[in-house]
Amino acid sequence: MNSAAPFAHEALFYRDEDEFLTGTAEFVAEGVQNGEPVLVAVRERSIGLLRARLGAHADQVHFIDMTEAGRNPGRIIPGVLMAFSASTEHRFRVVGEPVWPGRTELEYPACVQHEALINTAFEGRRGVVLCPYDAGTLPGHVLENARRTHPVVIEGGRRLPSERYTDPSGLAHIYNVPLPPPPATAEEHSFSVSTLAHMRRVVAAYAHWLRREQVEDLVLAVNELATNSILHASGRGVLRLWREGNTVVAEVSDSGKGFPPSFTGLSGFGIVMVNLLCDLVRTHTSHTGTTVRVYLGR
């Protein structure tokens with residue numbers, strides 16, 4: 001790691017358990033020895049293995065199960081990384097694993113956008129984020145995108161600048177892909193400023209089988225999206241609702257240009273709130289308008 005750089009974002013390609021532990025434990029131990037706050041956000045099984053490898057150093061590290069805290073990729077920057085870095089004035093270190101075998105094709109574009117946006121969200125801050133990638137299991141296009149989203153890649157014990165690194169905004173735009181079409185059974189409701197209250201009741205009634213706090217979260221998220229449509233698009237939009245197994249899916253579409261995949265737009269930090277409330281948030285913007293789809297399940 002270049003200690004002179006204010007912020008570093010590195011990918012660690014590992015092919016087995018020992019490579020994972022060697023690469024992450026050395027990184028974490030160095031941070032502990034330097035007196036730097038260290039966060040490890042990886043899969044639960046990996047937490048146990050890394051604790052054992054770190055020994056006494058583990059007591060000075062904050063551990064988070066990323067499959068829970070980061071199940072929505074759009075939640076990782078505001079809810080995990082920024083929450084941790086904001087708690088200290090010192091240079092910080094994070095081991096963060098946003099992509100693992102088992103991530104779905106629906107989630108994956110949001111993972112790539114997350115990795116690209118780290119480079120702009122933390123620009124100028126004092127810290128380093130190391131992202132482990134299971135190179136023995138993950139498909140080739142995932143590793144290729146890791147090279148495009150990380151300025152530095154560590155592989156086989158060698159740390160080298162990535163020749164594939166791509167401008168974050170350009171890569172996030174590449175993954176601005178159309179969403180799968182809603183099912184024919186989806187409910188559809190038009191809304192405007194005069195019908196927002198009715199729309200909230202519709203969402204609450206549709207999602208009544210979720211836990212009460214989940215219903216409240218979904219209503220709040222959809223209301224924020226609809227309000228954004230009213231304020232920044234044509235003053236109206238369309239809400240669609242359907243179920244996928246134990247998950248409620250709510251989609252808000254309008255004729256607006258949408259918002260960039262960052263922490264602006266949606267009434268300031270509204271998009272951050274939507275990501276914190278929901279299990280997954282997917283967005284697609286085209287010349288005809290913007291669609292934001294949120295998922296919340298039991």
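Every number here is computed from the coordinates shown, using simple stated rules; none is lab data. Just so you know, these numbers come straight off a predicted model, no measurement behind them. Ideal geometry is used to build each Cβ from the backbone, glycine not excepted, and the neighbour counts take in all protein chains shown.
Overview of values
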read-out	value
Translational D in µm²/s for region 1-83 (Stokes-Einstein at 10 °C, 1.306 mPa s, Kirkwood Rh from C-alpha pairs)	116
Mean-position separation - Cα centroids, region 123-169 and region 18-82, in angstrom	17
Calculated [θ] (222 nm, deg cm²/dmol) that DSSP helices of n ≥ 4 give over the chain, each run adding -39,500 (n - 2.57)	-11000 deg cm²/dmol
Considering only the chain, percent of DSSP beta bridges that pair antiparallel, nearest 5	55
Cα coordinate range in region 83-223, projected on the principal axes (Å, largest first)	57, 40, 28
Relative packing of 179-191, 42-54, which averages over residues the other C-beta atoms within 10 Å, highest first	42-54, 179-191
Correct choice for Kirkwood radius over Cα pairs in Å that was computed from the model, options [x] 20.2; [y] 19.2; [z] 20.8	[x]
Ranked packing of 195-207, 95-107, most packed first, by mean Cβ within 10 Å	95-107, 195-207
Stretch gain in nm, segment Glu213-Gln60, where the contour uses 0.36 nm per residue and the Cα spacing is subtracted	51.7 nm
Most to least packed among 238-249, 64-75 [average Cβ atoms within 10 Å]	64-75, 238-249
GNM result for the chain, Cα springs below 10 Å: residue of Asn228, Asn34, Asn275 fluctuating most strongly	Asn34
Net charge of neighbours whose Cβ lies under 15 Å from the Cβ of Glu188, counting Lys and Arg as +1 and Asp and Glu as -1	+1
Lys/Arg +1, Asp/Glu -1 at C-beta; region 7-174 dipole; positive extreme among Pro151, Val129, Ser169	Ser169
Net charge over other residues, Cβ less than 15 angstrom from the Cβ of Ser87 (K, R count +1; D, E count -1)	+2
Over 25 Å [Cα-Cα, region 187-297], rounded percent	12
Rounded to the nearest 20 debye, dipole of region 142-261 from Cβ charges on Lys, Arg, Asp, Glu	140
Positive-pole candidate from Trp209, Ala233, Phe63, dipole of the chain, charges at beta carbon	Ala233
